[in-house]
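In what follows, a structure is listed as structure tokens, so that the remarks can point back to it.
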Amino acid sequence: MNSQQDKIYAHAADQITDFQFDQRVAGVFNDMIRRSVPGYAQIINTLGDFAHRFVTPNSNVYDLGSSLGSATLSIRRQIEGRDCQIFAIDNSQSMIDRCKENLTAYVSDTQVNLLCADIRDINIENASMVVLNFTLQFLPVNDRNALIKRIYEGLLPGGVLVISEKLFFEDTQIQTLLDEQHLDFKRANGYSELEISQKRSALENVMRPDSLTIHQQRLNDNGFSHFSVWFQCFNFASMVAIK
Ligand code: GEK
């Protein structure tokens, strides 16, 4: 997948506006997410492995907040011949346009329905797998429970939900430690102090991480009976919940 290098916050801006998934971000997104999210490539690959295990014939798969389609592509490769449909949904038209190009670059017999829509408004049904790969953290906090409830209702028994998120830690010492380690990861990937601090300001009102306790509680409250973190690097984690 082609991507320009992310230089969006490389120059000092007079004013930092809230982060948006616009055309500029969509153009550099692959580079941005790989240099900003520790473990991203491993998580994407493993989503394919989960799909191989959990996706049942004639069922639906939902990739909620699909961006450029990395998760969808990884899943699609593992479920050929199962007569499934993937619903890849994002409310950024710029992401959808680029995602379409990425998906059509590969041949597949699995239908992908690419929709520009708010994930709070879509129907979820007959699902054997739902993915929220770094998307839930961008929803208003008060809307998260309702989405998890609808996902649970739309999943088939034995179906899987994978949620990857940046985590918040109530223990301030741990929060500071893991946050610093994440910043070191970004520095090691070539981001300057200016880029790091401007991006941080842009995300402040837009991305609100929950703690692991809140995630687990929300999943339990909505009926998921099996839950575990399956991956963690610093303050980034991926969780698996089974209906
Ligand atoms: C990946 N999953 O590469 N409805 C639909 N889409 C939304 C909404 C919403 N309410 N809110 C945010 N988005 C991807 C990465 S990025 C994560 C996901 C990140 C979309 C938004 O447009 C963006 O494309 C995506 O969720 C979040 O595996 O940038 O850290």
Subject >> First in segment 188-210 and more than 16 Å from Val28 (Cβ to Cβ), second anywhere and modelled with pLDDT of 80 or more and open to solvent by less than 50 Å² (accessible area, probe 1.4 Å), Cβ under 6 Å, 6 or more apart >> reply: Met207/Gln137; Pro209/Gln137; Pro209/Lys166; Pro209/Leu167
Original post:
What is the residue count in segment 25-68 for residues that are away from the ligand (no atom under 13 Å from the Cβ) and of a type in the set (S, T, N, Q)?
Top reply: 4
Original post:
Looking only at segment 184-243, which residues are small (Gly, Ala, Ser) and in a helix (DSSP H, G or I)?
Top reply: Ala188, Ser197, Ser201, Ala202
Original post:
What number of residues in segment 79-121 are under 26 Å from Arg24 (Cα atoms), touching a residue at least 24 places away in the same chain (Cβ under 8 Å) and of a type in the set (Ser, Thr, Tyr)?
Top reply: 3
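Considering every residue within segment 228-243, establish whether at least one is of a type in the set (S, T, N, Q), farther than 15 Å from Ser164 by Cβ and open to solvent by less than 60 Å² (accessible area, probe 1.4 Å).
no
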**OP:** Look at segment 141-160 and say how many of its residues are within 12 Å of the ligand (Cβ to nearest atom) and open to solvent by less than 20 Å² (accessible area, probe 1.4 Å).
**Re:** 2
Original post:
For residues in segment 92-107 being open to solvent by 40 Å² or more (accessible area, probe 1.4 Å) and under 25 Å from Pro57 (Cα atoms), which is nearest to the ligand (Cβ to nearest atom)?
Top reply: Lys100
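Would it be correct to say that Ile96 is in a helix (DSSP H, G or I) and modelled with pLDDT of 95 or more? Even if it seems obvious, please write down each step before you answer.
Numbers: in a helix (DSSP H, G or I): yes; modelled with pLDDT of 95 or more: yes.
Taking the combined requirement at face value, the residue satisfies it.
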**OP:** State all residues of segment 161-175 that are open to solvent by 10 Å² or more (accessible area, probe 1.4 Å) and not acidic (Asp, Glu); if no residue qualifies, say none.
**Re:** Lys166, Phe168, Phe169, Thr172, Gln173, Ile174, Gln175
**OP:** Would you check if there is a residue in segment 146-154 being without any contact (Cβ under 8 Å) to a residue 24 or more places away in the chain and assigned to a helix (DSSP H, G or I)?
**Re:** no
Subject >> Options Gln181, Gln137; residue that is farther than 23 Å from Gly65 by Cα and either assigned to a helix (DSSP H, G or I) or under 16 Å from the mean Cα position of the chain (by Cα) (or both) >> reply: Gln181
**OP:** Could you please find all residues in segment 108-140 being surrounded by fewer than 21 Cβ atoms within 10 Å (Cβ to Cβ) and within 7 Å of the ligand (Cβ to nearest atom)?
**Re:** Ala117, Asp118, Arg120, Phe138, Leu139
**OP:** With the condition kept exactly as written, say whether any residue in segment 30-51 is more than 18 Å from the chain's Cα centre (by Cα) and without any contact (Cβ under 8 Å) to a residue 60 or more places away in the chain.
**Re:** no
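The values are calculated or read from the model by the stated rules, or taken from the named source; none is laboratory data. Computed from a predicted model, the values in this text were never measured in an experiment. Methodologically, a virtual Cβ is constructed for each residue, glycine included, from the backbone with ideal geometry; neighbour enumeration extends over all protein chains shown. For accessibility, only protein heavy atoms count, side chains too; no ligands or nucleic acids. Shrake-Rupley method; radii C 1.70, N 1.55, O 1.52, S 1.80 Å.
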